[in-house]
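Chemist: Encoded as C-alpha cells, here's the structure I'll be asking about.
What follows draws every value from the coordinates through simple rules; no lab data is involved. On a predicted model such as this, the values are computed, not experimentally measured, just so you know. Heads up, the Cβs are rebuilt from the backbone with ideal geometry, glycines too, and the neighbour counts pull from every protein chain shown.
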Amino acid sequence: MLKVNLRHLEEKGIRLRGELPVAELDLTVHDELVLAEKPLAYDLAVELLHDSVLVTGSLRLPLECECARCLKKFTTDLTLAGWALHLPLQGEDQVSVVNDCVDLTPFIREDILLDFPQHPLCKPDCGGLKVKTARKAKAVETLAPDPWAKLDKLKLK
Ligand SMILES: [Zn+2]
C-alpha cells in the first residue's frame, strides 16, 4: 500500500517515488483486451496544507493490450502526468487517518480505473482487419437501393 505518514509532513513536504505492485492496486478489471501485470510507477510530491493534504505528481502503469479492431498485441502506458489529489483532513469529506497515516492506494486505484482503456487500439486510426471490412462495405453498397433507379421507373409509367 502507498501510505503517507502525516507526521513526516509536519515540517516540510516529502517526495514519494517508487513502484507499487499491481496486485496491491487490486484493479478488479475483467477485460480480456487489457492486462495490467507490471507495477505502477509513481513519482509524487506530498504537502501538508492548512487542513488538508495535497498530492501532485505522475502515475504510470504499463499495460498489455490487444487491439480491439485488429487483435494485434501491443503495450502501452497508462499515464496520469499531472495527477493531483486533494485530501481534506477535516469536515464531511475528511480522509481516514490510521496511525497518522493516509492510504493513497484507493484514490490511485479509482483514477487509474477511470482512465483505463475501454477500447484499446494499436494506433488511433487502426483500420482493423482490412480485407474483410473492405469487402463488407462494398456488399452493402450494391445492396442499397438506388433512389434514381426508382425514380426512372416512375417516369416510365
Ligand atoms: Zn489495431
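Chemist: Take the Cβ-Cβ distance between Ala23 and Asp51 as r, set R0 to 30 Å, and report the resulting FRET efficiency rounded to the nearest 0.05.
Modeler: 0.35
Chemist: Looking at segment 6-55, which GluC sites (Glu not before Pro) are in a loop (DSSP not H, G, I, E or B) and have at most 12 other Cβ atoms within 10 Å?
Modeler: Values: sites: Glu10, Glu11, Glu19, Glu24, Glu32, Glu37, Glu47; in loops: Glu10, Glu11, Glu32, Glu37.
The qualifying sites are Glu10, Glu11, Glu32, Glu37.
Chemist: Moving on. By how many nm would the segment from Lys73 to Asp115 grow when fully extended, if each residue of separation counts as 0.36 nm and the alpha-carbon distance is taken off?
Modeler: 13.2 nm
Chemist: For segment 1-20, list residues with backbone N below 15 Å from a point placed 7 Å from the Cα of Asp100 toward its Cβ?
Modeler: Within reach of a label on Asp100: 3-14.
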